[in-house]
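What follows is a set of notes on a single structure, which appears directly below.
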Amino acid sequence: MEKSFGRNHVLRGIDLELRAGEVTALMGANGAGKSTLVKVLCGYHFADAGRIELGGEPFAPTDAADAISKGVVTVHQSIDDGVIPDLDVATNLTLDRLTEPGVGLFVNDRKLRRQAQDVADGMGLTMDVRTRVADLDVADRQMIAIARAMARSPKLLILDEPTSSLSASEAERLFVLIDRLRADGVAILYISHRMSDIRRVADRIVSMRDGAISGIFEGDTLDYTGAVNAMLGHQMTEVDITPVSGGVPVLEARDLQLFEGSPPISFTAREGEVIAFTGLLGSGTTDLAEIVFGLAKQAGGSLTLDGKPYQALSAGESVAKGVFMSPKDRSENAVIGDFDIANNMTLPFLKAFSRFSFLREGAQRSAAREMIGKIGVKCEGDDDGIGTLSGGNQQKVMIGRWLLQASRVLLLDEPFQGVDIGARRDIGQYIRQTSAGRTTLVFVAEIDEALEIADRIIVLNEAAIAGEYINKNIDLNSLVADVSGPGRKWTSDDDQLSPAQPPAGQAGTSARTQASNQIAAG
């Protein structure tokens, strides 16, 4: 398979077989071509050359709806691509049935909700199906998008970073469903950068680099290190951090309560220091970030900034005081789809690039181009539309936005969401290199991401500080226990530092059906 956009050759000679009853994990650096490959399979793009077969028959979907009708269903990385926020849960879960021919003009509301409840029960969803999706948190919206895909009885299910917004228990529910679908003969293409996910579900790993397949790894023992090296094109080096203790206190929290009834927490963040706050979804990390940035108000306690009482009432007031934040959900809170890269990156600081109310576009774009180079955004130029970038490169733009100007406090909520291992380390190194003159608070769910960037790690569990570690010779068992609670152990042969997961389905790959529902791209 081949695909180009103008002079940009995105897919180069892709030969790939996705077999029924098997989970193929697809790994690749941002810009490697993963998203384009998925968009061709789900009918969003047409291949320029080559052929695709589904179950031995030619497969050339005219659009996404055609692909779905033929059995190829995709859950995209952007959560709201899979749900309609203004509709309730029941309508979202049964929307495809409502649009089927012969349904008629009138809807039996009781029957619809009963069907939706059946789908929800099958996924283990506990929310009221009458709830508006926009009123749910990110994790629940993600689970609804996945449930909607499952309800379509796919032959090929494509999951793009499906656990990025899920807690450990929610992710395990998804993995159990994947095991069930695999046993039922569904072919699954699972795109992820998380080695814990891949270890749990993958039968084989396909690595992509520069638009081509750079390695296929399968067998009883999957070569995870080899897959990462094939993805990067070089050996993955270990991160070696020499933690710094920091200078003068910048941000101090005293008996801070994140919400009513939560225990008080206290900490001091110092100049030049990078602190990672880590914990499971719902542990309070995002609540803390939003309180510091003025998006929410604490239930009790106080904050000081440079020794003075600090209480921001809005994001604008926070920015004016030198407190910047890169939010968790870039698609909803950060990216402006109609703007190009430069305008997205410089949006909060247009005043700094203006004179007498006139924008100095040359200075604006020069600053954007410099940051694009420093943080490694893969693009043709600063005037590219933000929507032309991969999810990981969009994330780089959002982080670069808040590094353009000097700050006293930099808050990064899940800064590596959708970013590959190599780019993650590049971003982490740049954040550390520029840490002088501010304190940096990074909020991450993945422990390995905390270890790769922080001088100090603070663990939150149920809105309380469960542990605090200097990032040197950390007892990983103790750290994981603080994050997950007692009874969860770290296994030393895991590549991803997260609570150990049970193994994938016990049946060997050779015992699974591989004759039907095959997809071949050549």
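Go over the candidates 317, 380 one by one and state the one that is of a type in the set (Asp, Glu), assigned to a helix (DSSP H, G or I) and at negative phi.
317
Looking at the stretch 224-253, which of the residues that are assigned to a loop (DSSP other than H, G, I, E, B) and at pLDDT 85 or above is farthest from residue 429 (Cα to Cα)?
Checking each candidate, the answer is 248.
With the requirement that a residue be buried (at least 17 other Cβ atoms within 10 Å of the Cβ) and farther than 22 Å from residue 435 by Cα, what does the stretch 258-269 give you?
Those that are buried (at least 17 other Cβ atoms within 10 Å of the Cβ) and farther than 22 Å from residue 435 by Cα: 258, 262, 264, 265.
Exactly one condition in (1) farther than 12 Å from residue 324 by Cβ; (2) free of Cβ contacts under 8 Å to residues at least 40 places away in the same chain is false for residue 403; which is it?
Going through (1) farther than 12 Å from residue 324 by Cβ; (2) free of Cβ contacts under 8 Å to residues at least 40 places away in the same chain one by one, residue 403 breaks only (1).
Please verify whether residue 214 is polar (S, T, N, Q), assigned to a loop (DSSP other than H, G, I, E, B), buried (at least 17 other Cβ atoms within 10 Å of the Cβ) and out of contact with any Leu (no Cβ under 8 Å at 6 or more places or on another chain), treating the condition exactly as stated.
Values: polar (S, T, N, Q): yes; assigned to a loop (DSSP other than H, G, I, E, B): no; buried (at least 17 other Cβ atoms within 10 Å of the Cβ): yes; out of contact with any Leu (no Cβ under 8 Å at 6 or more places or on another chain): yes.
Here the answer is no, as residue 214 does not meet what is asked.
In the stretch 450-466, which residues are among the acidic types (Asp, Glu) and either at pLDDT below 85 or farther than 23 Å from residue 272 by Cβ (or both)?
462
Could you tell me whether residue 328 is within 30 Å of residue 161 (Cβ to Cβ), crowded, with 17+ Cβ neighbours inside 10 Å and not assigned by TED's automatic domain parsing to the domain that holds residue 266?
Taking the combined requirement at face value, the residue satisfies it.
If the requirement is being at pLDDT below 85 and either assigned to a strand (DSSP E or B) or at positive phi (or both), which of these qualifies: 437, 418?
418
Could you tell me whether the stretch 259-269 includes any residue that is under 30 Å from residue 141 (Cβ atoms), aliphatic (A, V, I, L, M) and either part of a helix (DSSP H, G or I) or without any contact (Cβ under 8 Å) to a residue 60 or more places away in the chain (or both)?
no
Within the set of pairs 6+ apart or on separate chains, which have a first residue in the stretch 170-183 that is touching a residue at least 24 places away in the same chain (Cβ under 8 Å), a second that is among the basic types (Lys, Arg), and C-beta atoms under 6 Å apart?
Listed by first residue and then by second, the contacts come to 175/200.
Looking only at residues in the stretch 376-423 that are small (Gly, Ala, Ser) and within 25 Å of residue 304 (Cα to Cα), which one is surrounded by the most Cβ atoms within 10 Å (Cβ to Cβ)?
Filtering first and then ranking leaves 407.
Of the numbered conditions (1) in contact with an Asp or Glu (Cβ under 6 Å, 6 or more places away or on another chain); (2) assigned to a helix (DSSP H, G or I), residue 426 satisfies every one except a single condition; which is it?
Condition (1) is where residue 426 drops out.
Looking at (1) surrounded by fewer than 21 Cβ atoms within 10 Å (Cβ to Cβ); (2) at pLDDT 90 or above; (3) outside any strand (DSSP E or B), which is the only condition residue 37 fails?
(1)
State the number of residues belonging to the stretch 270-289 that are buried (at least 22 other Cβ atoms within 10 Å of the Cβ), assigned to a strand (DSSP E or B) and either more than 28 Å from the chain's Cα centre (by Cα) or of a type in the set (Val, Ile, Thr) (or both).
3
Which ones in the stretch 436-485 are among the polar types (S, T, N, Q) and within 19 Å of residue 240 (Cβ to Cβ)?
Hits for the stretch 436-485 are 440, 471, 473.
Can you pull out every residue in the stretch 257-268 that is within 10 Å of residue 291 (Cβ to Cβ) and touching a Leu at 6+ places or on another chain (Cβ under 7 Å)? Talk me through it step by step, then tell me what you get.
To start, the set of residues in the stretch 257-268 that are within 10 Å of residue 291 (Cβ to Cβ) comprises 257-259.
Hit for the stretch 257-268 is 258, nothing else.
State whether the residues of the stretch 110-117 include one that is surrounded by fewer than 23 Cβ atoms within 10 Å (Cβ to Cβ), modelled with pLDDT under 85, in a helix (DSSP H, G or I) and hydrophobic (A, V, I, L, M, F, W, C).
Yes, because at least one residue in the stretch 110-117 is surrounded by fewer than 23 Cβ atoms within 10 Å (Cβ to Cβ), modelled with pLDDT under 85, in a helix (DSSP H, G or I) and hydrophobic (A, V, I, L, M, F, W, C).
From the list 272, 362, 373, which one is at pLDDT 95 or above and over 30 Å from residue 171 (Cα atoms)? Show your work before the answer.
Working: 362 fails: at pLDDT 95 or above; 373 fails: at pLDDT 95 or above.
Matching residue, one of 272, 362, 373: 272.
Residue by residue, here is whether (1) surrounded by 15 or more Cβ atoms within 10 Å (Cβ to Cβ); (2) assigned by TED's automatic domain parsing to the domain that holds residue 426; (3) of a type in the set (Phe, Trp, Tyr); (4) at pLDDT 80 or above holds:
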{"residue": "160", "(1), (2), (3), (4)": "yes, no, no, yes"}
{"residue": "166", "(1), (2), (3), (4)": "yes, no, no, no"}
{"residue": "176", "(1), (2), (3), (4)": "no, no, no, yes"}
{"residue": "179", "(1), (2), (3), (4)": "yes, no, no, yes"}
{"residue": "188", "(1), (2), (3), (4)": "yes, no, no, yes"}
{"residue": "203", "(1), (2), (3), (4)": "yes, no, no, yes"}
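In the stretch 2-34, which residue that is part of a loop (DSSP other than H, G, I, E, B) and modelled with pLDDT under 90 is nearest to residue 71 (Cα to Cα)?
33
Output the residue which, of all residues in the stretch 290-321 that are of a type outside the set (Val, Ile, Thr) and under 19 Å from residue 246 (Cβ atoms), is surrounded by the fewest Cβ atoms within 10 Å (Cβ to Cβ).
This residue is 308.
The values are calculated or read from the model by the stated rules, or taken from the named source; none is laboratory data. Here the structure is a predicted model, which is why all the values come from computation and not from measurement. Positions of Cβ are backbone-derived with ideal geometry, glycine not excepted, and every protein chain shown enters the neighbour counts.
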